[in-house]
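Step one of this worksheet: look at the structure below.
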Amino acid sequence: MSTPTPTPRASSLDTRDRGNLIGGCFVSGAGAPFTSHDPSRDGAVVWRGTSADAAQADAAVVAARRGFRAWSRLPYAERKEALLRLAATPPALLDALAEAITLEMGKPIRESKGEATSLVAKLHASIAAHERLPDLALEGAPGTAAWRPHGVMAVIGPSNYPIHLMNTHVMPALLAGNAVILKPSRVTPLSGQIYVELLQRLGLPDGVVNLVVGTREVGGVLVAHQDVDAVAFTGSWDGGRRIMETCLDQPHKLLALEMGGKNIAVVLDDAHLEQALHEIVLGACLTTGQRCTATSRVVVTKRMAASFVPRLEQSLARVVPGDPFADGTLMGPLATLSARRDFHAALARAESAGAVPLVQSRAVDGGAFVTPSLHRVESNAAADVLRYRDTELFAPDVALEVVDDDDAALERACKSTFGLSLSVFSAERARFDRFVEAAPWGLFNWNRSTNNASGLLPFGGMGVSGNHRPAGSASALYCSRVTGVLEKAAGDYAVDPLFAKVLSS
């Protein structure tokens, strides 16, 4: 297919390597050189820098421990006031952050601008959530219940929402009194550095916010470090599993893991066809399918399939990727050239095993561009086809299944190993409620996309999608630990008669 024509544009973005923020100072990495790349321009280099090494990751933990002591002793009102300075961030700096996101991972600039401007909204939502933490001391309790910070919290971010999905942990963590160490995706180091520069403008005590850039090994040092009290991770099930294994003998460490999804849209007999079509295509193609809530499975009943499936084929076949900086671009490239290779290799394996291509994905020259794909999976499919259906590809692909009725659709939803976002299209609320009551998923959508979740609600999944630490409005719960404090006044005690003899002078 033809190459998307790059949009000529002037840019004054500062793409230098700022280094790692440790104890309030930016310092050059002492590890290996690495680069970030523009996936919309054949992988052209965006940023050149060096990774932090293990000693610098350790130094960031030491600095965070010092920063935590100062920060946690401040009254909550002072921490809140300091963080609210984020609202004064100059628009030009948010524009620079958005440009860096699009340059490094390729999402359309309209999406990147939405991500950059969401920072303040997330802060306000985090304030509302923190101030609604429940008082867990029941009536008549001989003391009080208190919410306390963990201490040092490592936040390990992904590439698809490189700033939002770190910020969603950072804001509630700081409000609670924690210090944080950020490890952005190796795909988006420049975006992470610009974000931390914005946080530096808030004037927080040194060490409260730290940054280390680099590869998986740097994140591994933080995860394994005995003086890290909590880890917030967004990424794949494989990555989350490695974190759980690493921390098996560290029961003191809280883990908040969001590990992706293979999200199902169920189209029942009485669904509104046009609505279901719109929401499913949107869900499959936003951010080029690189959202944990992307629609990647469709389960449609036989009665609806005859009219719905041809329309879905037609719509997905019309989607063409384009320059992410151009107005009107529906979707940009995948985040890396290697992601494109892996995606098409996975589809080739599925097709050779028997997955039926209804719409085939094609590579588009000029970068990591792909077109969407749609594959039909039969109920008696070979094991390799079922493995394709049940594997998160993180790309614009939909596995389609046709089932007899609601019961068969519900069975599919209940048997998924993932459990993040489920959509049900039906005119009857009662049919939707059956799925809510029976299926083990974290997010349910009635007549709406699996995508576009709200931070004003809990956000998290079940199964291999999460570990019962939902973010969104629930993030304040895992950014603090609750304690019970039992108390008496000095001298206020009654002698237990059974102990009176042994206690007598």
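The values are calculated or read from the model by the stated rules, or taken from the named source; none is laboratory data. From a predicted model like this one, the values you see are computed outputs, not experimental measurements. Because the Cβ atoms are built from the backbone with ideal geometry, glycine has one as well, and the counts that use them run over all protein chains shown.
What to note about this one:
- Selection count where residues are farther than 18 Å from S72 by Cα, within 20 Å of the chain's Cα centre (by Cα), in contact (Cβ under 8 Å) with a residue 60 or more places away in the chain and not in a loop (DSSP other than H, G, I, E, B), scope region 183-216: 8
- Residue ID - farthest from the chain's Cα centre (by Cα), chosen from residues in region 437-468 that are assigned to a loop (DSSP other than H, G, I, E, B) and polar (S, T, N, Q): N447
- Odd one out for Y493 among (1) of a type in the set (F, W, Y); (2) touching a residue at least 60 places away in the same chain (Cβ under 8 Å); (3) over 28 Å from S118 (Cα atoms): (2)
- Per the listing V208, V212, the residue uniquely buried (at least 24 other Cβ atoms within 10 Å of the Cβ), closer than 12 Å to F26 by Cβ and outside the structural domain of P333 (by TED's automatic domain parsing) is V212.
- Residue identified as not assigned by TED's automatic domain parsing to the domain that holds S40 and not in a helix (DSSP H, G or I) among R303, R297, R311: R297
- So G203, is it under 22 Å from A471 (Cβ atoms) and surrounded by fewer than 24 Cβ atoms within 10 Å (Cβ to Cβ): no
- In this structure, T234 does not qualify as surrounded by fewer than 18 Cβ atoms within 10 Å (Cβ to Cβ) and either over 17 Å from G466 (Cα atoms) or in contact (Cβ under 8 Å) with a residue 40 or more places away in the chain (or both).
- The set of residues in region 469-485 that are assigned to a loop (DSSP other than H, G, I, E, B) and among the charged types (D, E, K, R) contains only R469.
- Test result for G283, within 23 Å of the chain's Cα centre (by Cα), assigned to a helix (DSSP H, G or I) and not assigned by TED's automatic domain parsing to the domain that holds P158: yes
- Residue selected from region 237-258 under the condition of a type in the set (D, E) and either at pLDDT below 95 or surrounded by fewer than 18 Cβ atoms within 10 Å (Cβ to Cβ) (or both), by the criterion farthest from the chain's Cα centre (by Cα): D249
- Apart from one condition, G31 fits all of (1) out of contact with any helix residue (DSSP H, G or I) (no Cβ under 8 Å at 6 or more places or on another chain); (2) in contact (Cβ under 8 Å) with a residue 12 or more places away in the chain; the exception is (1).
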